[in-house]
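The values are calculated or read from the model by the stated rules, or taken from the named source; none is laboratory data. Predicted model only: the values in this text are computed from it and were never measured. So basically every Cβ, Gly included, is an ideal-geometry build from the backbone, and we count neighbours across all protein chains shown. To get the accessible areas, we keep the full protein, side chains included, count just its heavy atoms, and leave off ligands, DNA and RNA. Shrake-Rupley method; radii C 1.70, N 1.55, O 1.52, S 1.80 Å.
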Amino acid sequence: MNEYGTQLTAHSSQLTAHSIALIAKELKISEAIDYFENIKFENNNRDIKDVKTIGIFFSMMYNGGAQHVVAASCQIWDNMGYKVVLYTTEPPNPKDYYYPETVKRIVIPNYINLEARLAKLEQSLKEEHVDLFVYHAWLYPSLLYDMMLMKSLNIKFIVHAHGLFVWPYSHFNIYSANSHRIFGMCDAVATLADMSNDFYKLCGCASYLVQNPVPDYLKNINKTANLNSKKILWLGRIDAGKRLIDAVKIFERVHEKFPDYTLEVVGRDFDNSFPAVKKYCDAKNLNNFINFQGYQTDVNKFYQDAALMLITSEMEGYPYTLLESKAHGLPTVMYSLPYLSLVKDGK
């Protein structure tokens, strides 16, 4: 393929970490997709019924709903008798959500050092005899290249899309413009909303609608909201998309009529959006009525102490906070996100 550089030879189903890293370096992403789409992976015929080892990837294991799902999935598959290998870019952390000790965790480089990442993956996937890989970081920059390595190794590859299909297009870039083609090369895409499922099917993807697993501890909660409480709860990762500033402005208006109420904010700053929130609170003299609790591993007590849950996300895929608030019987006020399966019942 001279048009893509003299160092790239004819299409080969025997891609290696080095050759994939070279393609990523030499070609634009659209050109790399052109290249990969024409590869016939001769040995990619593994029967899903023969799967014994499942690999799973997310960059970290704390501070988010997707991480909750990864941890719960590890536990479910481990209980089913599969060998589970968890890949992350961050090392184990005391804040990590629980997953069984029998799950083997392997830390790999992030996408910035692509060749080292692919080399570590290639070695580990072979050593662990991974049959099926579930990729939860559905917008991760190296998804395409990680997938090509696995397809070359005859590993079934599934993307678990944790957000609505429009997310990539909301911050338009080259990746988002080509994301439907990337997903089209996966063995399957797991989606969380009818709308996303229909979209990816229209794109030619093997798309399946799924529901995220509900952890056992949530199934066993028998609580109703403490309506006599004077606490409003906002819980989540503090980033621009969660719109904590909206919650603060809403509470400001509530506080004018109900001055004895407080807003409990549980979560940590993820993208440096918190300073603007704090500055607003300082300017409006709200600091005595808004309690910033920081990151918490045990959030049940906050649900049990609150009278109302406030969710201000501009977009969600399967909001874990809504699942938790429902389990605790806590009334929730949120923006209208009618595509969410969790609100289809109107409750």
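Charge dipole of segment 107-195 (Cα centre as origin; +1 on each Lys and Arg Cβ, -1 on each Asp and Glu Cβ, all else neutral): 160 debye, rounded to the nearest 20. In this structure, the amide hydrogen of Arg105, modeled 1.01 Å from its nitrogen in the peptide plane, lies closer than 5 angstrom to those of Leu86, counting only residues at least 5 positions away or on a different chain. Across segment 164-285, Cα pairs under 8 Å and at least six residues apart give a relative contact order of 19 percent.
Positive end of the dipole of the chain (Cβ unit charges, origin at the Cα centre): among Ala72, Gln123, Leu330, the Cα lying farthest that way belongs to Leu330. Helices in the chain, meaning DSSP H runs of at least 4 residues, each add -39500 (n - 2.57). Divided by all residues, the mean residue ellipticity at 222 nm is -10500 deg cm²/dmol.
Below 15 angstrom from the Cβ of Leu218, what's the summed charge of the other residues (Lys, Arg +1; Asp, Glu -1)? Every neighbour counted, the sum reads +1. Length gained on full extension, Leu202 to Lys231, computed as 0.36 nm times the residue gap minus the Cα-Cα distance: 5.9 nm. Taking the Cα centre of segment 44-175 as origin and assigning +1 to Lys and Arg Cβ atoms and -1 to Asp and Glu Cβ atoms, the resulting dipole is close to 120 debye. For the chain, the relative contact order comes to 15 percent (Cα pairs under 8 Å, sequence separation of at least 6). In this structure segment 164-205 gives 43 Å² per residue of accessible area when probed at 1.4 Å with all protein chains present. Charge dipole (Cα centre; +1 on Lys/Arg Cβ, -1 on Asp/Glu Cβ; no other charges) of the chain amounts to roughly 680 debye. Cα centroids of segment 76-148 and segment 254-312: how far apart, whole angstrom? Taking the Cα centre of each part, segment 76-148 and segment 254-312 sit 34 Å apart. Exposed loop sites are taken as GluC sites (Glu not before Pro) in a DSSP loop (any state but H, G, I, E or B) with at most 11 other beta carbon atoms within 10 Å; the longest stretch of the chain without one runs 102-347. Element breakdown for the chain at a 1.4 angstrom probe: carbon and sulfur atoms account for 52% of the accessible area. Relative contact order of segment 16-84, taken over Cα pairs closer than 8 Å and 6 or more residues apart, is 24 percent. Could you work out which residue, out of Lys49, Lys25, Lys219, moves most in a Gaussian network model of the chain, that is, has the largest mean-square fluctuation with Cα springs under 10 Å? Highest fluctuation among the options: Lys49. For trypsin sites (Lys or Arg not before Pro), the sites in segment 90-186 that DSSP calls loop and that have at most 16 other Cβ atoms within 10 Å are Lys95. Within the chain, DSSP assigns beta bridges of which about 0% are antiparallel (rounded to the nearest 5). Counted by Cβ distance under 13 Å from Tyr135, the other residues give a net charge of 0, where Lys and Arg count +1 and Asp and Glu count -1. Of the two radii for the chain, the radius of gyration is 1.01 times the Kirkwood radius, both from the alpha carbons; that is the Rg over Rh value.
Look at the dipole of segment 219-347 built from charges on Cβ: of Asn288, Tyr303, Gly346, the Cα furthest out on the positive end belongs to Gly346. Highest mobility in the GNM of the chain, judged by mean-square fluctuation with C-alpha springs under 10 Å and restricted to Ala71, Ala283, Ala119, is found for Ala283. Checking the Cα-Cα distances for Lys83/Lys151; Lys95/Lys201; Lys279/Lys326; Lys257/Lys278; Lys52/Lys151; Lys279/Lys344 against a 28 Å cut-off, the pairs over it are Lys95/Lys201; Lys279/Lys326; Lys279/Lys344. With springs only between Cα atoms under 10 Å apart, run a GNM on the chain and tell me which of Asp50, Asp269, Asp187 wobbles the most. Comparing Asp50, Asp269, Asp187 in a Gaussian network model of the chain, the most mobile one is Asp50.
Residues whose amide H comes within less than 5 Å of that of Val214, counting only those at least five positions distant or on another chain, are absent (H built at 1.01 Å from N in the peptide plane).
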